[in-house]
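Below: one structure, written as structure tokens.
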Amino acid sequence: MTRVRFLDTDCTVQKRHYGNGRVALSLVDEEGPVATATVNLPTATLGCNQVLIKSYAENEGMLEALVAAGVVKPTGQTVRSGFVELPVCDLQPPFREPEQAKGRAR
């Protein structure tokens, strides 16, 4: 169980999946949901173990909190969504998805 400090709240990170199979990360505390850390932008080209972090508006500071906890590592790339740039991040263990075998004979 990975713990993150966000908005002066001790949270745990929950991994789930959006309907299109991409990873979704949420922060919860003992009282329930605190924040959704990721954004699902189906038109964005992402790798298997990459996510878009919502670190603006009510989620300001989210990227820094997740990096400090070792949940994600920024790639330095961003994807535009409306008026904001969403940082592309690589998931770190234990949040990584299994890599699909490439070039495997059928």
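The values are calculated or read from the model by the stated rules, or taken from the named source; none is laboratory data. Computed from a prediction, not measured in an experiment: that's the story for all the values here. Glycine also receives a Cβ, built like all others from the backbone with ideal geometry; neighbour counts cover every protein chain displayed.
Report whether or not Gly76 is at positive phi, of a type in the set (Gly, Ala, Ser) and at pLDDT 95 or above.
So Gly76 fits the description; yes.
Pick from the stretch 46-66 the residues that are of a type in the set (Gly, Ala, Ser) and touching a residue at least 12 places away in the same chain (Cβ under 8 Å): which of them is surrounded by the most Cβ atoms within 10 Å (Cβ to Cβ)?
So, considering only residues that are of a type in the set (Gly, Ala, Ser) and touching a residue at least 12 places away in the same chain (Cβ under 8 Å), the one surrounded by the most Cβ atoms within 10 Å (Cβ to Cβ) is Ala65.
Tell me the residue from Gly19, Gly76, Gly70 that is part of a strand (DSSP E or B) and out of contact with any strand residue (DSSP E or B) (no Cβ under 7 Å at 6 or more places or on another chain), please.
Gly76
Listed residues Val13, Val28, Val34; which is part of a strand (DSSP E or B), in contact (Cβ under 8 Å) with a residue 60 or more places away in the chain, surrounded by 14 or more Cβ atoms within 10 Å (Cβ to Cβ) and aliphatic (A, V, I, L, M)?
Answer to the selection: Val13.
With respect to Arg5, is the statement that it is within 21 Å of Pro87 (Cα to Cα), touching a helix residue (DSSP H, G or I) at 6+ places or on another chain (Cβ under 7 Å) and loosely packed, with under 15 Cβ neighbours inside 10 Å true?
Yes: the conditions hold for Arg5.
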